[in-house]
Amino acid sequence: MGKVTAKSPIAVRVAALAICAGVGALLARAVLAIPETEPGLAPLVDANLAVSGVKNAVTAVLLNFRGYDTLLEIAVLVLATIGVLSLSVTQTGTWDPIAAQADPVLSALARFLAPVMILVSGYLLWAGEHAPGGAFQAGSVLGAAGVLLALSGYARPIWVSRFALRAAISVGFVVFLATAIGEMLAGGLLLEYPADLAKTLMLVVETWLTVSIGAILISLFIASASPAEELRRRSGGGE
């Protein structure tokens with residue numbers, strides 16, 4: 001079967017370059033147009049931080065003042081993961097190990113570091129209330145622990161069924177959306193936390209977001225590596 005190659009015409013490349021340059025110029029113009037004395041939204045955030053439920057301004061913005069953005073971000077991540085997993089080369093896809101079993105030293109190091117990384121993830125989740133941290137940082141460390149184990153030759157645990165994996169990927173978005181709708185049904189506005197329950201609700205949402213983000217990152221990494229490994233085995237590059 002012959003190799004098919006395709007080259008973009010020069011005109012298409014020039015047009016794409018012109019569009020990118022135009023967008024860049026507009027963004028630069030918008031940034032330069034901001035007055036130097038403009039305080040931004042920082043004073044408004046500081047003034048309302050006491051009723052946000054947390055002490056960290058970044059967490060307050062992401063989960064309270066602009067919760068819509070975070071809700072849509074996790075929705076995009078879930079949809080992207082569904083799309084990637086649906087393109088898996090084999091039925092096993094994210095189930096098979098993507099690397100051979102590591103040597104004893106690396107294998108032991110991975111088994112030692114993984115629990116430590118999970119503890120660090122938990123700390124970042126808890127610290128997000130008053131210091132830099134939160135669900136996305138905690139989920140990234142949790143995902144890195146899974147990637148480390150995958151690169152060391154470990155497959156998924158037996159107790160992690162396909163349903164459990166799909167539930168872990170989507171649970172953060174489901175809990176976030178349910179919390180938002182629940183607040184509205186209770187007489188408030190969408191994503192408007194009651195002052196006395198704000199901290200608790202945000203911690204619950206962030207906890208499940210951490211689980212989902214970790215599962216999403218692990219799934220995306222392994223799913224993207226599995227096709228390459230499968231094709232390598234088919235071509236005789238490995239056993």
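Pairing each residue of the range 51-66 that is within 20 Å of G172 (Cα to Cα) with any residue that is acidic (D, E) and crowded, with 21+ Cβ neighbours inside 10 Å, provided the two are 6+ apart or on different chains, yields C-beta distances under 7 Å for L63/E206.
Criterion first (surrounded by 16 or more Cβ atoms within 10 Å (Cβ to Cβ), hydroxyl-bearing (S, T, Y) and farther than 17 Å from I222 by Cα) does S152 satisfy it?
Details: surrounded by 16 or more Cβ atoms within 10 Å (Cβ to Cβ): yes; hydroxyl-bearing (S, T, Y): yes; farther than 17 Å from I222 by Cα: no.
No; evaluated as a whole, the condition is false for this residue.
Across the range 102-121, the number of residues qualifying as touching a helix residue (DSSP H, G or I) at 6+ places or on another chain (Cβ under 8 Å), of a type in the set (A, V, I, L, M, F, W, C) and at pLDDT 90 or above comes to 5.
With respect to L197, determine if the residue is surrounded by fewer than 17 Cβ atoms within 10 Å (Cβ to Cβ) and either modelled with pLDDT under 80 or of a type in the set (K, R) (or both). Before the answer, list the steps.
Values: surrounded by fewer than 17 Cβ atoms within 10 Å (Cβ to Cβ): yes; either modelled with pLDDT under 80 or of a type in the set (K, R) (or both): no.
In short, no.
So, L71, is that one surrounded by 12 or more Cβ atoms within 10 Å (Cβ to Cβ), closer than 22 Å to P194 by Cα and at pLDDT 85 or above or not? It is true that L71 is surrounded by 12 or more Cβ atoms within 10 Å (Cβ to Cβ), closer than 22 Å to P194 by Cα and at pLDDT 85 or above.
The values are calculated or read from the model by the stated rules, or taken from the named source; none is laboratory data. Remember, it's a predicted structure, so these values are computed and weren't measured experimentally. Using ideal geometry, Cβ is built from the backbone for each residue, glycine included, and neighbour counts are taken over all protein chains shown.
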